[in-house]
1. Evaluate the following for A:Arg36: is it over 11 Å from the mean Cα position of the chain (by Cα), surrounded by 12 or more Cβ atoms within 10 Å (Cβ to Cβ) and charged (D, E, K, R)?
2. Could you look through segment B:66-113, keep only residues that are of a type in the set (A, V, I, L, M) and within 25 Å of B:Lys1 (Cα to Cα), and pick out the one that is farthest from the other protein chains (Cβ to nearest Cβ)?
3. Which ones in segment B:61-108 are in contact with a Lys or Arg (Cβ under 9 Å, 6 or more places away or on another chain), more than 30 Å from A:Ala56 (Cα to Cα) and not small (Gly, Ala, Ser)?
4. Which members of segment A:75-111 meet the condition of being more than 14 Å from every other protein chain (Cβ to nearest Cβ), more than 10 Å from the chain's Cα centre (by Cα) and surrounded by 14 or more Cβ atoms within 10 Å (Cβ to Cβ)?
5. If I ask for residues that are out of contact with any strand residue (DSSP E or B) (no Cβ under 7 Å at 6 or more places or on another chain) and aliphatic (A, V, I, L, M), which ones from segment A:24-47 would you list?
6. Scan segment B:37-65 residue by residue and report those that are over 21 Å from B:Val13 (Cβ atoms) and more than 11 Å from chain A (Cβ to nearest Cβ).
7. Can you pull out every residue in segment A:2-48 that is in contact with a Lys or Arg (Cβ under 7 Å, 6 or more places away or on another chain) and farther than 28 Å from B:Thr107 by Cβ?
8. Just to be sure before I move on: is A:Ser67 more than 11 Å from chain B (Cβ to nearest Cβ), in contact (Cβ under 8 Å) with a residue 60 or more places away in the chain, of a type in the set (Gly, Ala, Ser) and surrounded by fewer than 17 Cβ atoms within 10 Å (Cβ to Cβ) in the structure I sent?
Amino acid sequence: NAGVTQTPKFRVLKTGQSMTLLCAQDMNHEYMYWYRQDPGMGLRLIHYSVGEGTTAKGEVPDGYNVSRLKKQNFLLGLESAAPSQTSVYFCASRLAGGHPYNEQFFGPGTRLTVL
Amino acid sequence: KQEVTQIPAALSVPEGENLVLNCSFTDSAIYNLQWFRQDPGKGLTSLLLIQSSQREQTSGRLNASLDKSSGRSTLYIAASQPGDSATYLCAVSPKTSYDKVIFGPGTSLSVIP
């Protein structure tokens, strides 16, 4: 099993450009998450999904959109990148919510710089 | 609202020492608590998951305990090694909003050879 994978690993954008980050998991997990991590800010939840075709906002959703067309994939889009979106982006997944056996698994991250 | 804190924010110890990292949470209604390790520039790696009905979990030199009533968990690392240097984060799965996971800010550990 590959676990949780993310593409690309690194990306540099100019202000106003758009891009899509792809997260894929092969564990048949229902729940998937996008976080950003910035120095001194910890992990902050951007958007998440509790199943194919569903999405929900986290604590910092502005400037991002997501889609979960297939259960194994969760896409994070930036329509018009801003320097404030320079960050490391992590995708995570877990089987579901609401029971004690859920272990959350993380991808290796995407380092995004917006100039 | 569930909040998770970790003390200390940073810790430096000599190699070979046993150490304890602390995690506190404000609402005891949780499904589980998970400890992660993050190396610089890398993703989070799951170390241990303690279910709400359990008191502790062990993996090698790591032992994590959970006291739900007091809202505390500790991660004990025995005979620390320089390779243990990393940031350690704890996270809870709250019953009031089970679709999310709430993370602490982490403890940065340096083990000095």
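1. Answer is no for this residue.
2. Checked segment B:66-113; the qualifying residue farthest from the other protein chains (Cβ to nearest Cβ) is B:Leu75.
3. Result: B:Leu66, B:Asp67, B:Tyr76, B:Ile77, B:Gln81, B:Asp84.
4. Correct list: A:Leu78, A:Ala81, A:Gln85, A:Thr86.
5. The answer is A:Met41, and nothing else.
6. Residues satisfying the conditions are B:Arg55, B:Glu56, B:Gln57.
7. A:Met19
8. When the stated conditions are applied, A:Ser67 does not pass them.
Every read-out reported here was derived from the displayed coordinates using simple, explicitly stated rules and does not represent laboratory data. If you're wondering where the values come from, they're calculated on a predicted model, not measured in any experiment. Neighbour counts run over all protein chains shown; Cβ positions are idealised from the backbone, glycine included.
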